[in-house]
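Please read the structure below before turning to the comments.
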Amino acid sequence: MSKRIDILDGLRVVAILMVILYHYYSRYFGIHYSYSVNTKNVFHFGYLGVELFFIISGFVITLTLDKSKDIFDFLKKRIIRLWPAMFLCSLLTFVFVISFDHQLLFPGSHDFKNLLISNTFISPSLINWIFNTQFSYTDGAYWSLWVEISFYFIVSVLYFISKKNLMRNYGLAAMFFVIVHFLFISGTGKLVVTKILSEDQYDVIRKFVTIFNIMEMGLWFYIGMQLLEMFRYRKIKNLLLFSAFFIVQTLLLGMGKETLLFCFFVYIILIMFIYSPHYLRFLENPVISRLGICSYSVYLIHENIGVIIINKLSPYLVGFNWIVGVALLIICFIFGIYCYKYWENPISKKIKTLIFK
């Protein structure tokens, strides 16, 4: 299947809008900006847009695995796809921050070493743990790329070990990850584990689990993989697995009423995508699909630059500074369209030609 699935591109737009609204109106509320109304709680659940991206990634990556000859071929293709936008967006963020972040809202973004580390896609926390350094991301949004890369590695290894048993094997791995994460992150888990391990042993493993956050997020990708199975075969078994794991991940997010309602809404949208896609035809609009295609660079560029601009312009727009976030959202999408068309896509193709010729 080579044709893009337009509804998925539309869902990418939903996901990136959630993340941007969270960063511009909730995450830094009362810290780097404030508004005349309390937008913190209204847009708080926008952070779950990243989880929606993980579901989409689980669907799409599983769909494309058979286009690669082996693990290294697959990983090379994924890095080639991700790196051009990362290079440009991280460089622009670095230059913007050192030029305009005079209040040091994001001090880690001023360090050139962090720019280099960010372009490796490796978690700075892992490097800090091994070498006792103090690296961080150039932009906080980059944390999810480490999760993505971890998923690519695990799913490709399992796929090329046994294509037939990929769903079973990754499902078992994801469940194992969730159990380990619970045991070493939650207070309840600690009470159980410290009866077997010493405090020092517990702390070391807990640090490992914290750094390799695929253990926390891995099940979202599996939900996307089961969504693909539903898309392909419409089997009740896959619907039940999809539903069961979606419920598990929702409960792990917390039992808050708003969280449950929001996740239920996302669940219904994904079920409609499989069984009643005509209700989501508006997501196939060419403009929306185009925005979805360029959502990666929008994700990479929006956070630190946007928050600094909101912080700087807010004193001049008292009571109306909320409009800055709306304007930035539009600007980010315009940037994303041009970035994909004139940089991200052509550079990826050139690198691929050089490497695979």
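Here is how the numbers come out for the structure above:
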| read-out | value |
| --- | --- |
| Relative contact order computed over the chain (Cα-Cα under 8 Å; 6+ residues apart), in percent | 29 percent |
| Using θ = phi - 60° and Karplus 6.51 cos²θ - 1.76 cosθ + 1.60, couplings along region 222-228 (whole Hz; Gly, Pro as x) | 5, 4, x, 5, 5, 4, 4 |
| Whole-Hz ³J(HN,Hα) from phi, Karplus 6.51 cos²θ - 1.76 cosθ + 1.60, for region 107-116, glycine and proline x | x, x, 6, 7, 8, 4, 4, 5, 4, 5 |
| Most mobile listed residue (Gly171, Gly254, Gly218) in the chain, GNM with C-alpha springs under 10 Å | Gly254 |
| Mean residue ellipticity (222 nm) of the chain, computed from DSSP H runs ≥ 4 via -39,500 (n - 2.57), nearest 500 | -23000 deg cm²/dmol |
| Calculated from backbone phi, Karplus (6.51, -1.76, 1.60) coupling profile of region 89-94 in Hz, x at Gly/Pro | 5, 5, 5, 4, 5, 4 |
| Most fluctuating residue given options Ser297, Ser109, Ser314, as computed from a GNM of the chain linking Cα atoms under 10 Å | Ser314 |
| For region 6-356, alpha-carbon Rg relative to the globular expectation (2.2 N^0.38 Å, N residues) | 1.01 |
| For peptides 241-253, 188-200, 81-93, sequence by mean Cβ density within 10 Å, most packed first | 81-93, 241-253, 188-200 |
| Under-5 Å amide H pairs with Thr138, H placed in peptide plane, nonlocal only | Ser118 |
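Every number here is computed from the coordinates shown, using simple stated rules; none is lab data. As the structure is a prediction and not an experimental result, all values here were calculated from the model. Cβ: placed from backbone, ideal geometry, glycine included. Neighbour counts: every protein chain shown.
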